[in-house]
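The values are calculated or read from the model by the stated rules, or taken from the named source; none is laboratory data. Fair warning: this is a prediction, and the values are worked out from it, not measured in the lab. Glycine also receives a Cβ, built like all others from the backbone with ideal geometry; neighbour counts cover every protein chain displayed.
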């Protein structure tokens with residue numbers, strides 16, 4: 001990806017909306033840069049008229065002029081820094097919002113191939129490295145270029161030969177700087193990749209802290225983290241060394257130039273051809289010239305660092321969602337029967353479903369049973385278009401779901417799964433999930449039906465008690481009841497239950513099963529259950545094995561056929577009986 005492509009993208013999508021702020025900041029930068037030339041210009045009368053000439057009248061106006069330059073410089077510098085900080089923070093925040101919104105639109109297949117830590121580093125780490133770039137680059141365009149022009153103008157006006165001697169060594173920097181830029185870009189890219197691994201490692205450690213402590217692997221995980229950290233430190237040091245090398249080489253050239261001017265100009269002053277004031281003014285201008293030159297060189301290194309992050313960010317933006325609403329979506333069906341028609345699906349090279357076919361009648365309960373790995377949960381992902389089949393079709397009311405509006409399709413479902421996702425918000429917020437206009441009476445009804453009042457009453461802040469990160473403040477059964485309350489409140493026409501009562505004790509399960517039974521009335525319900533006793537009353541039971549339907553019917557019919565279902569049921573019955581004994 002070229003520099004031009006990246007810069008046009010940043011300007012179009014993020015910098016242009018802040019054009020008024022940036023324009024004012026650039027004006028202030030121009031003023032700040034111009035004061036450098038004014039200051040060096042005032043050095044000549046300071047020496048020739050005041051220090052050497054002894055003019056009393058010149059003392060006042062030179063002092064006032066120098067003071068005015070410093071005050072103007074301070075005011076312009078303060079203003080432009082504040083404005084650039086405002087613009088920089090807002091640009092980074094906008095990029096983070098856009099990147100998160102884009103990532104949330106990508107299908108599960110993408111997220112299965114990415115670690116959360118790596119994505120967190122892209123959203124936070126890569127974008128944060130760009131915060132200082134805008135101010136440094138725009139300062140280079142405004143303050144430093146103007147300062148460079150004004151200072152060189154003063155130097156040339158005093159003696160063009162001195163100026164030529166001072167900057168004669170500059171062309172030899174071109175090739176080393178180009179090589180250093182490549183080194184900085186390469187090491188910065190490696191550093192960002194290592195930073196992603198570090199964030200991933202931390203995410204895994206904190207998610208699996210109980211396993212680490214129980215297995216005594218703290219040293220192992222600490223050592224693995226230390227290894228990644230060492231790689232990151234080495235990459236950062238190489239990148240910083242490359243960036244620092246550019247202004248360092250400029251200082252070497254400056255040293256050579258100053259020596260040449262001092263020798264050449266010194267003899268002219270001795271012969272009376274030049275004044276001390278002229279030399280000091282020139283010396284000041286050239287000394288100040290190399291400071292914006294050093295900053296311009298540093299910007300070159302900073303851009304290479306930022307470019308590595310920008311390429312990673314742009315790479316994510318270039319990943320297009322594979323599951324989207326069609327250009328002309330069909331109307332949502334009125335009849336909500338479900339049909340899986342010869343569906344094939346797999347994750348990468350691992351096939352899961354092999355021509356799966358079954359129907360779930362509208363308004364009735366259909367249960368999916370079978371050994372682990374049969375593909376039951378995958379059916380739910382395909383129904384809600386978290387993934388699309390690679391062959392065959394999924395239909396609701398006879399309509400292929402790929403022809404429907406994506407948001408409208410997902411609005412047809414309420415889902416309660418065994419892996420309940422809660423957010424670090426209050427229990428109330430976790431139930432409402434942004435729904436507005438829910439009456440107190442309706443919320444009370446849901447709380448009672450899901451048996452949430454049983455435990456909320458004992459919490460310090462009741463329903464407004466924080467659930468904790470990922471619901472860590474609640475037990476497994478409590479988290480599942482919150483998920484059931486969500487489904488009750490959502491009141492969608494299709495209900496998907498994936499081990500919805502797996503974390504409940506016997507007493508709570510009885511109550512919640514009654515609530516779910518009320519919820520299922522009049523709705524198309526699809527149930528995944530490993531405890532076969534919970535789905536005996538289902539209108540249809542679909543038996544799956546290795547991604548295929550091997551049998552279907554009612555509980556009694558399946559038992560009578562003595563197939564896989566009957567075998568699973570008898571095995572489970574014996575296991576539960578032995579456990580009870």
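Checked against (1) within 23 Å of residue 521 (Cβ to Cβ); (2) within 33 Å of the chain's Cα centre (by Cα); (3) not in a strand (DSSP E or B), residue 363 passes all but a single condition, namely (2).
Listed here are the residues, each with its yes/no results for (1) farther than 26 Å from residue 381 by Cβ; (2) at pLDDT below 90; (3) buried (at least 16 other Cβ atoms within 10 Å of the Cβ); (4) within 42 Å of the chain's Cα centre (by Cα).
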position	(1), (2), (3), (4)
520	no, yes, yes, yes
527	no, no, yes, yes
539	no, no, no, no
543	no, no, yes, yes
546	no, yes, no, yes
550	no, no, no, no
553	no, no, yes, no
562	yes, yes, no, no
565	no, yes, yes, no
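Within region 371-391, does at least one residue satisfy the condition of being in contact with a strand residue (DSSP E or B) (Cβ under 6 Å, 6 or more places away or on another chain), assigned to a strand (DSSP E or B) and at pLDDT 90 or above? Yes, there is a match, as at least one residue in region 371-391 is in contact with a strand residue (DSSP E or B) (Cβ under 6 Å, 6 or more places away or on another chain), assigned to a strand (DSSP E or B) and at pLDDT 90 or above.
Quick check: anything in region 434-445 surrounded by 13 or more Cβ atoms within 10 Å (Cβ to Cβ), part of a helix (DSSP H, G or I) and in contact with a helix residue (DSSP H, G or I) (Cβ under 7 Å, 6 or more places away or on another chain)? No, region 434-445 contains no residue that is surrounded by 13 or more Cβ atoms within 10 Å (Cβ to Cβ), part of a helix (DSSP H, G or I) and in contact with a helix residue (DSSP H, G or I) (Cβ under 7 Å, 6 or more places away or on another chain). Could you check, for region 286-302, whether at least one of its residues is surrounded by fewer than 16 Cβ atoms within 10 Å (Cβ to Cβ) and not assigned by TED's automatic domain parsing to the domain that holds residue 547? Yes, because at least one residue in region 286-302 is surrounded by fewer than 16 Cβ atoms within 10 Å (Cβ to Cβ) and not assigned by TED's automatic domain parsing to the domain that holds residue 547. Checking each residue of region 50-70 against the condition of being in the same structural domain as residue 145 (by TED's automatic domain parsing) and closer than 30 Å to residue 206 by Cα gives no match. Filtering region 85-112 to residues that are more than 14 Å from the chain's Cα centre (by Cα) and without any contact (Cβ under 8 Å) to a residue 60 or more places away in the chain leaves 85, 88, 89.
For region 408-427, a tally of residues being under 26 Å from residue 521 (Cβ atoms) and not in a loop (DSSP other than H, G, I, E, B) returns 7.
When the residues of region 112-146 are filtered to those that are modelled with pLDDT of 80 or more and closer than 30 Å to residue 264 by Cβ, the one that is surrounded by the fewest Cβ atoms within 10 Å (Cβ to Cβ) is 145.
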